[in-house]
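**Q** Following this message is one structure expressed as structure tokens.
The values are calculated or read from the model by the stated rules, or taken from the named source; none is laboratory data. The model shown is predicted, which means the values in this text are computed figures rather than measured ones. As a convention, Cβ positions derive from the backbone with ideal geometry for all residues, glycine included, and neighbour counts pool all protein chains shown. Protein only, heavy atoms only, side chains kept; ligands, DNA and RNA dropped before computing areas. Shrake-Rupley method; radii C 1.70, N 1.55, O 1.52, S 1.80 Å.
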Amino acid sequence: MGAGNETVVAEFILEGFSGLDQRLQLFLSLILLLIYLTTVTGNTTIIFLVCVDHRLQTPMYFFISNLAFLEIWFTSSTTITLLVILSSGRRTIPFSSCFAQSYFYFALGCTEFALLVVMSFDRYIAICQPLHYAAIMKQQLCTHVVVATWVISFTLSSYRLVFLSKLTFCGPNKIYHFFCDNSPLFKLSCSDTSLLWKADSVLLSFVVLGSLCLILVSYVRIFHCILHMPAASGRKKAFATCSSHLTALAIIYGSCIVLYAQPSERVSLETNTVVALLNTVLYPFLNPFIYSFRNKTVKLALEEGILQG
């Protein structure tokens, strides 16, 4: 590291939920473990069904399966650390592991926002331009778009590793969070973090608010098309689907705006910790049910798979 000789701190201590009683921490770890296993199992099931069932091999489910794959890694990047903290009490995390966790958390988060924009555009084409859907959403285009979201997001987020490697940490080494989030991590540095604060604010505001605007534009157009549908049953089904999607989007965007799209001094560390659970634990848990398991085609594919098994 560029400033490695000046760095006194060799590891950090994650203080998230340290104020809870030990029995309560153990109980919370069991709840979170159940949620985590359900999340991983649900998203893995979606990926498997999309791969083996020809009825699900459409652009919509291709994007959903990619989102499911991403959610497994996104929730794992923080939840595993939290489970270790609550169940064993081991709160230390090595210097390099903390930086790696911070990088992957934000890179995966940026990828997710990009995928959500793509999925909203896919739904707009399917509902508002159904006759042109097959011609526009070709498999090759879908693959290129997904690859681009991963590559661009991880490349843009790589600046964090460069800036983080130049920071010095002289003590204290306690991070009042359950993972290496930017605000509590930057506050521990004894070097100038103003440039990193500005770079993070610009990128995160652009990614979060920019993607939100694009998604809202797509859904406004979708609702406009739904209102002009001749069949009442079709309108009801489309509204139900879109409303569930918007509920999920409200969770992730609401939590991210609270945490990252405003000056850090306005957000307490306690609020940061609690709200972070929404997009690291709750949102990945809800995704399989919102985007897939409520769909009749997915239910049928799952039932057939269980019967054949």
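**Q** Can you give the extra length, in nm with one decimal, that the chain gains between Tyr159 and His224 once fully stretched, where that is 0.36 nm per residue apart less the Cα-Cα distance? Don't jump to the answer; show the numbers that get you there.
**A** Numbers: separation 65, 0.36 × 65 = 23.40 nm, distance 4.01 nm.
This chain segment gains 19.4 nm when fully extended.
**Q** I've got another one for you. Using a 10 angstrom cutoff on alpha carbons, build the Gaussian network for the chain and name the most mobile of Leu141, Leu83, Leu108.
**A** Leu141
**Q** Provide, for q = 0.21 Å⁻¹, the log10 of I(q)/I(0) from a solvent-free Debye sum over equal Cα point scatterers in the range 1-154.
**A** Calculated log10 I(q)/I(0) at the listed q: -1.28.
**Q** Okay, next question. Compute all pairwise cysteine Cβ distances in the chain, then list the cysteines with no distance under 4.7 Å to another cysteine.
**A** So far as the 4.7 Å Cβ criterion goes, Cys51, Cys110, Cys142, Cys213, Cys242, Cys256 stand without a partner in the chain.
**Q** Starting from the 7 Å offset along Cα-to-Cβ, what nm value, one decimal, do you get for the label separation of Ser191 and Ser88?
**A** According to this spin-label approximation, the distance is 3.0 nm.
**Q** Mean Kyte-Doolittle hydropathy of 1.6 or higher plus an axial Cα length of 30 Å or more: which whole DSSP H helices in the chain meet both?
**A** 22-52, 194-227
**Q** What does the extension gain come out to for Lys299 and Ile31, with contour length at 0.36 nm per residue minus their alpha carbon separation?
**A** Details: separation 268, 0.36 × 268 = 96.48 nm, distance 2.61 nm.
Roughly 93.9 nm would be gained on extension.
**Q** Could you report the range 1-149's accessible area per residue, 1.4 Å probe, as an integer in Å²?
**A** Details: 7070 Å² over 149 residues.
Averaged over the residues of the range 1-149, the accessible area is 47 Å².
**Q** Roughly how many debye, to the nearest 20, is the charge dipole of the range 61-218 about its Cα centre, given +1 on each Lys and Arg Cβ, -1 on each Asp and Glu Cβ, and no other charges?
**A** Values: 9 positive and 6 negative charges, 63 e Å.
Dipole magnitude for the range 61-218 comes out near 300 debye.
**Q** Sticking with this structure for a sec: Ignoring any ligand, DNA or RNA, what whole percent of the accessible area of the chain comes from carbon and sulfur when the probe is 1.4 angstrom?
**A** On the way: 10330 of 15210 Å².
Roughly 68 percent, rounded to a whole number.
**Q** Could you check the spin-label model distance between Ala134 and Lys237? Points 7 Å from the Cα along Cα→Cβ, value in nm.
**A** 1.9
**Q** Restricting everything to alpha-carbon atoms, can you work out Rg to Rh for the chain with a Kirkwood hydrodynamic radius? The partial results should precede the final answer.
**A** Values: Rg = 21.0 Å, Rh = 21.0 Å.
Using only Cα positions, Rg/Rh for the chain is 1.00.
**Q** Right, here's the next one. Compute the Kirkwood hydrodynamic radius of the range 132-281, taking the inverse of the mean of 1/r over all pairs of distinct Cα atoms, and give it in Å to one decimal.
**A** Numbers: mean 1/r = 0.0539 Å⁻¹.
This gives a value of 18.6 Å.
**Q** For the range 162-260, with the dipole built from +1 on Lys and Arg beta-carbon atoms and -1 on Asp and Glu ones, taken about the Cα centre, which of Val207, Ser194, Ser183 lies farthest toward the positive end?
**A** Highest projection toward the positive end goes to Val207.
**Q** Taking the Cα centre as origin and putting +1 on Lys and Arg beta-carbons and -1 on Asp and Glu beta-carbons, what dipole magnitude results for the chain, to the nearest 20 debye?
**A** On the way: 19 positive and 15 negative charges, 157 e Å.
That gives the chain a dipole magnitude of about 760 debye.
**Q** Please work out how many pairs of lysine residues in the chain are eight or more positions apart (or on different chains) and have Cα atoms closer than 16 angstrom.
**A** Working: Lys166/Lys187; Lys166/Lys198; Lys174/Lys187; Lys187/Lys198; Lys236/Lys296; Lys237/Lys296.
The result is 6.
**Q** Would you mind getting the accessible area per residue of the range 205-245, heavy atoms of the protein chains only, 1.4 Å probe, in Å²? Present the calculation step by step, with values, prior to reporting the outcome.
**A** Values: 2480 Å² over 41 residues.
Here the per-residue accessible area is 60 Å².
**Q** What does the extension gain come out to for Leu141 and Thr44, with contour length at 0.36 nm per residue minus their alpha carbon separation? Don't skip to the answer; put the middle values down first.
**A** On the way: separation 97, 0.36 × 97 = 34.92 nm, distance 2.40 nm.
Working it through step by step, the gained length comes to 32.5 nm.
**Q** Still on this structure, please answer the following. Kirkwood hydrodynamic radius (Cα pairs, Å) of the range 136-202? Each step should come with its number before you reach the end.
**A** Values: mean 1/r = 0.0700 Å⁻¹.
For the range 136-202, inverting the mean 1/r across all distinct Cα pairs yields 14.3 Å.
**Q** If you take the charge dipole of the chain about its Cα centre, with +1 on Lys and Arg Cβ and -1 on Asp and Glu Cβ, which of Tyr253, Ile93, Phe12 is farthest toward its positive end?
**A** Looking along the dipole axis, the top candidate is Tyr253.
**Q** Over what distance in Å are the Cα centres of the range 86-136 and the range 70-84 separated?
**A** The range 86-136 and the range 70-84 have Cα centres spaced 13 Å from each other.
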